[in-house]
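Student: Pasting a structure below so you can have a look.
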Amino acid sequence: MKIGIICGHEMPALIKNPESLSVETPYDKVKVKISKNYGHDLFFINRHGENGNIPPHKINYHSNIQAFNSCHIDCIFSVGTVGSMKTKIKPSDFVIPHDFVDNTKLRKPSFFDDSRVHVDMSSPFCPALRELLISKCKEIKKIVIHSNGVYLCTEGPRLETVSEIKIFSQVADIVGMTNVPEVILAREVGICYASLCVVCNMAAGLQNRLAANEISSVYGKLEPIVSEVLENAIKSINEKKDCNCRKIVSEASI
Ligand code: HPA
């Protein structure tokens, strides 16, 4: 299978001896690292660009997902850091979100700009890929896994205010800056997509002042586990997934 992995950090433990490819899209060029492993072709994109320095509000989400689509990827594992808005979800826990709330402000939300296409979002993350990630997380005893969660996506790049988190926490569990519109665009091109969210901090007001390097340092400690979860998921992925992700967009046009 052709498996896409998108993350804000490089993954040398998973993407071994990669070949680099520059994929042209109508939106921008994308650097894709390709590695043959575990009987599959793995396609890795750093969502923050080749040098990892593009901030969340300037990421070209369209070119990243279009590059995967041009490479005929079957499914995408997305990895991202989040803050927790619920006391039962703690730093170092993993969450596999089942839904999202879009609080972004400036991002182009869709591939469909010139036609009326309304893609169903009642189950935005691929249920089969989510189950796979959940089961592989559960096999690793040293982590706490939340097999459901609502992801609220902010525009960033700033972190949230205490009052924003009070509002957001009424409708969502975790807060991050990159899942939207990634998850929407993947659904619009019919690619299965699931997200492995690594909780790096409590959101504003639920812990003392938050330094951005705390997020990276917590993620750095958990990175080997992220690679282990993905490696195990890739090893046992089933070509015939029980989901409708390919079909949903075909029913979306007016
Ligand atoms: N807010 C938004 N994005 C994040 C956070 C946060 O608290 N932690 C990691 N990514």
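Student: So, for the chain, what is the accessible surface per residue at a probe of 1.4 Å, expressed in square angstrom? Please list the in-between numbers first.
Tutor: Values: 11760 Å² over 254 residues.
Here the per-residue accessible area is 46 Å².
Student: Continuing with this model, one more query. At a Förster distance of 25 Å, what's the computed FRET efficiency of Glu231 paired with His118, Cβ-Cβ distance as r, to 0.05?
Tutor: Values: r = 37 Å, r/R0 = 1.48.
Between Glu231 and His118 the formula returns 0.10.
Student: Can you give the FRET efficiency to the nearest 0.05 for Leu21 and Ser110, using r as the Cβ-Cβ distance and R₀ = 25 Å?
Tutor: Values: r = 26 Å, r/R0 = 1.05.
Given R0 = 25 Å and the Cβ-Cβ separation, E is 0.45.
Student: What is the distance, in nm, between label points placed 7 Å from the Cα along the Cα-to-Cβ direction at Lys29 and at Ser250?
Tutor: 3.6
Student: Which distance in nm do the two modelled labels at Glu131 and Ile167 give, with both placed 7 Å along the Cα-to-Cβ direction?
Tutor: 3.8
Student: Over the alpha-carbon set of the stretch 1-90, work out the extent along each principal axis and list the three values in angstrom, largest first.
Tutor: Between the extreme Cα coordinates on each principal axis of the stretch 1-90 lie 41, 31, 22 Å.
Student: I've got another one for you. Over all alpha-carbon pairs in the stretch 109-156, figure out the percentage whose distance exceeds 16 Å. Could the numbers behind the result be given before it?
Tutor: Values: 684 of 1128 pairs.
Summing the P(r) of the stretch 109-156 above 16 Å gives 61 percent of all pairs.
Student: Ratio of alpha-carbon Rg to the 2.2 N^0.38 Å globular estimate for the stretch 47-170, to two decimals, please. Walk me through the numbers on the way to the answer.
Tutor: Details: Rg = 16.1 Å, N = 124, 2.2 N^0.38 = 13.7 Å.
For the stretch 47-170, the normalised Cα radius of gyration is 1.17.
Student: Kirkwood Rh over alpha-carbon pairs of the stretch 2-250, then Stokes-Einstein at 37 °C and 0.692 mPa s: what D in µm² s⁻¹, rounded to an integer? Can you show the working numbers first?
Tutor: Details: Rh = 18.1 Å.
For the chosen part, D equals 181 µm²/s.
Student: With the chain treated as a Gaussian network of Cα nodes joined by springs under 10 Å, which of Tyr219, Tyr151, Tyr27 yields the largest mean-square fluctuation?
Tutor: Ranking Tyr219, Tyr151, Tyr27 by mean-square fluctuation puts Tyr27 first.
Student: Another question about this same structure. Against the globular-protein guess of 2.2 N^0.38 Å, express the Cα radius of gyration of the stretch 99-210 as a ratio, rounded to two decimals.
Tutor: On the way: Rg = 15.4 Å, N = 112, 2.2 N^0.38 = 13.2 Å.
In units of the 2.2 N^0.38 Å rule of thumb, it is 1.17.
Student: Would any residue of the stretch 129-153 have its amide N under 16 Å from a label point 7 Å out along Cα→Cβ of Lys88? List them or say none.
Tutor: 144-151
Student: Please report, as a whole percent, how much of the solvent-accessible surface of the stretch 2-250 comes from carbon and sulfur atoms (probe radius 1.4 Å). Intermediate values should be presented prior to the final figure.
Tutor: Working: 5680 of 11380 Å².
Carbon and sulfur: 50 percent of the exposed surface of the stretch 2-250.
The values are calculated or read from the model by the stated rules, or taken from the named source; none is laboratory data. Bear in mind the structure is a predicted one, so any value in this text is a computation, not a measurement. In this analysis, Cβ positions are derived from the backbone assuming ideal geometry, glycine residues included, and neighbour counts consider all displayed protein chains. Accessible surface is based on the protein model in full, side chains and every heavy atom, while ligands, DNA and RNA are left aside. Shrake-Rupley method; radii C 1.70, N 1.55, O 1.52, S 1.80 Å.
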